[in-house]
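The values are calculated or read from the model by the stated rules, or taken from the named source; none is laboratory data. Remember, predicted model here, so these are calculated numbers, not experimental data. Note that we place each Cβ from the backbone using ideal geometry, even for glycine, and neighbour counts take in every protein chain shown.
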Amino acid sequence: MCIKQVPGVSEVKIDPNTNTLVREGVLSIINPNDRNAIELALMLKEKHKLEVIALSMGPPQAEEILREVLAMGVDKGVLLTDRAFAGADTLATSHTLSLAIKKILKESNSEEKYLIICGAQAIDGDTGQVPPELAEELGIPQITYVLNIELSEDKIVAERKFRATEIVIIETQLPALISVLNDINKPRYPSIAGIMKAYEKARLTYLDSNTLNADKSKIGLNGSMTEVRKIFIPKRRVNPIMLVGSNEEVVQKLCQHLKEDKIF
């Protein structure tokens, strides 16, 4: 399960020198959609007696969100933290996460059957690119925008949202990756007993670029093919247009306005 620490503010700031998010001095939280991924993982753990590992990449303070998910019932947490990871775009992030996952799988002898659960997207970037890119890095099937899932010994059957009112059923063998929507469940809160256990040292592992034997040209800013130039909130138009008439007349007027605004 992959989770991300994100700024808990409505507007984020960009460092003009590096074109990366400013995180210092900003309240950080678990990405809201990742909470649904956590809840699904815990539900599957309770039903199928599985081990749940939470993986996150970020600065040392990202330890806070891993402690929180440990308190919710996750078995282990892994934090990828290294200045070499800083400034990564979605491509460099997915590559780094894949290195960590391969290491975890190799050490646990679980390379044949596993399921990676992600939130559909993060509120700070809102791209939804990391889950599909991660699946490609690992060479495993992916199902995005999942609303429900059934897990058996060696396969999953998922309900995937397709367009606004359509749902498709997709089946695939394990290993696989899914990204979930926030409609899939209602996340739980940490328990008091869970909070106490969350600070056991053995439950949290730290990995850096050297531990992963990472190629420095493929991680962080060096491995990023894109950079953020500007983040802004689109301005609303203050002069709405009311169209009246028959359906045909309204359609003609709408098309005329779209042409004048050079929409098409």
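What to note about this one:
- Condition check for G223: assigned to a helix (DSSP H, G or I) and surrounded by 11 or more Cβ atoms within 10 Å (Cβ to Cβ): no
- Test: residue in region 238-259 that is aliphatic (A, V, I, L, M), touching a strand residue (DSSP E or B) at 6+ places or on another chain (Cβ under 7 Å) and at pLDDT 90 or above: no
- Applying the criterion of being among the β-branched types (V, I, T) and part of a helix (DSSP H, G or I) to the residues of region 82-116, the residue that is surrounded by the fewest Cβ atoms within 10 Å (Cβ to Cβ) is I104.
- Highlighted here are the strands (runs of 3 or more DSSP E) found entirely within region 138-189 that include at least 1 residues which are on the phi > 0 side of the Ramachandran plot: 142-151.
- Every test in (1) within 17 Å of I123 (Cβ to Cβ); (2) of a type in the set (G, A, S); (3) at pLDDT 90 or above is passed by S10 save one, and that test is (3).
- Cβ separations smaller than 9 Å between residues 6+ apart or across chains give the following pairs from region 110-134 residues that are within 23 Å of K230 (Cα to Cα) to residues that are surrounded by fewer than 17 Cβ atoms within 10 Å (Cβ to Cβ) and hydroxyl-bearing (S, T, Y): Q121/T127.
- Residue within region 173-191 that is out of contact with any helix residue (DSSP H, G or I) (no Cβ under 8 Å at 6 or more places or on another chain), hydroxyl-bearing (S, T, Y) and buried (at least 16 other Cβ atoms within 10 Å of the Cβ) present: no
- Residues being surrounded by 13 or more Cβ atoms within 10 Å (Cβ to Cβ) and part of a helix (DSSP H, G or I) - total across region 198-211: 1
- Tally, over region 35-77, of residues that are surrounded by fewer than 20 Cβ atoms within 10 Å (Cβ to Cβ), of a type in the set (A, V, I, L, M) and in contact (Cβ under 8 Å) with a residue 60 or more places away in the chain: 3
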